[in-house]
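Read through the structure below, which is laid out as structure tokens, and then see the notes.
The values are calculated or read from the model by the stated rules, or taken from the named source; none is laboratory data. Computed from a predicted structure; not experimentally measured. Using ideal geometry, Cβ is built from the backbone for each residue, glycine included, and neighbour counts are taken over all protein chains shown.
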């Protein structure tokens, strides 16, 4: 099973995503980081295959963390999760920085799993 | 289920690859001239003029075109010509994808039809605002999108009330707020009773019961609802050429006397009737 790290400052979104991931049978959640800096640390300690990361977080935001993660770890696949996915510039910036895809909020379980399975 | 732009929709549906989309966006960047570049290509201004205007922009919060007119470099008619040329020659993302070979013209048309059907849920209905509110179309769209998200995300039956100008927001169990900035400046607030907060928590957490959930989790769900709505407002606004930045949401526990509208702002209240003994309101503090 692929290991997934969830990164979101919101407790409720973290829980929501971890539930979707754990219930899928295809993925296992390896934890929930609350900001970009924690994500970089947990990527090192938990060695996930996939990171689902919010774009807009206090402290180190998702795009800043993405810049570091793609340099530090060539293997990990990062998917951004954001309510701003429909803003073309934000979506494009995430892809240009190395995100494999962007999941827009509000998300549907099937859509999240489809995107993760295609990685 | 969210407001999307066409390129994102195509990638999500696996109709084009991430790489092809980036290639098409690069092509758009090359072909779609910025205002200054277009004015130069039309022979109206020189590179030196643009640099002078860019320097002046450091001390003046004006768009480049308006500033070029104010500095007497461009006439208003010339500015309109430039804007019209930009619109007429704009390469859309679908066209760019055809040019880079990622989509056929037939597939583009089919995909556009599918995209329009997907986004039809978010086409704005008219909402009446009091007269004299700046950027009223944005706030009408904001209220409309909030109602649509209450239906789609919270699955809550409600009846929207008439928008009113207020000077104080009535107290309630809690509020979650998010500041909007850039082309418009406002604070977006959702005010909820305890029962409505639980309804939101059940929907966001996808749980049948939220009894025993910590207070911070319950409050976080209301903030997340606000985050989702405001992100989609920013996406919808970007389709009309307006940039809206959002900041992380915050919670407010209003005093029993209510929350005064800050100086220099207009307070708009959109009552959301969700049943007896339950109170929900959308509040906007719009900067004058």
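Filter segment A:67-89 for residues that are surrounded by fewer than 23 Cβ atoms within 10 Å (Cβ to Cβ) and farther than 17 Å from residue B:6 by Cα and give the result. Don't jump to the end; show me each part of the working.
Here is the first cut: in segment A:67-89, the ones surrounded by fewer than 23 Cβ atoms within 10 Å (Cβ to Cβ) are A:67-68, A:70-77, A:79, A:88-89.
Across segment A:67-89, the qualifying residues are A:67, A:68, A:70, A:71, A:72, A:73, A:74, A:75, A:76, A:77, A:79.
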Among the candidates A:17, A:11, residue that is modelled with pLDDT under 95, closer than 21 Å to residue B:205 by Cβ and under 11 Å from the mean Cα position of the chain (by Cα) | A:17
Might you check whether a residue that is under 25 Å from residue B:240 (Cα atoms), in contact with a helix residue (DSSP H, G or I) (Cβ under 9 Å, 6 or more places away or on another chain) and in a helix (DSSP H, G or I) occurs anywhere in segment B:127-137?
-> no
Consider residue B:98 carefully, then state whether it is surrounded by fewer than 19 Cβ atoms within 10 Å (Cβ to Cβ) and away from chain A (no Cβ under 14 Å).
-> yes
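What residue, of A:60, A:80, is assigned to a loop (DSSP other than H, G, I, E, B) and touching a helix residue (DSSP H, G or I) at 6+ places or on another chain (Cβ under 8 Å)? Spell out how you get there, then give the answer.
Numbers: A:80 fails: assigned to a loop (DSSP other than H, G, I, E, B).
Just one listed residue meets the conditions, A:60.
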Candidate set from segment A:90-110 (those that are facing another protein chain (nearest Cβ under 7 Å) and surrounded by fewer than 17 Cβ atoms within 10 Å (Cβ to Cβ)); member that is farthest from residue B:232 (Cα to Cα) | A:96
When restricted to B:111, B:104, the only residue assigned by TED's automatic domain parsing to the domain that holds residue B:35, out of contact with any strand residue (DSSP E or B) (no Cβ under 9 Å at 6 or more places or on another chain) and touching a residue at least 40 places away in the same chain (Cβ under 8 Å) is B:111
Of the residues that sit in segment B:189-209 and are closer than 20 Å to residue B:172 by Cα and free of Cβ contacts under 8 Å to residues at least 24 places away in the same chain, which one is surrounded by the most Cβ atoms within 10 Å (Cβ to Cβ)?
-> B:201
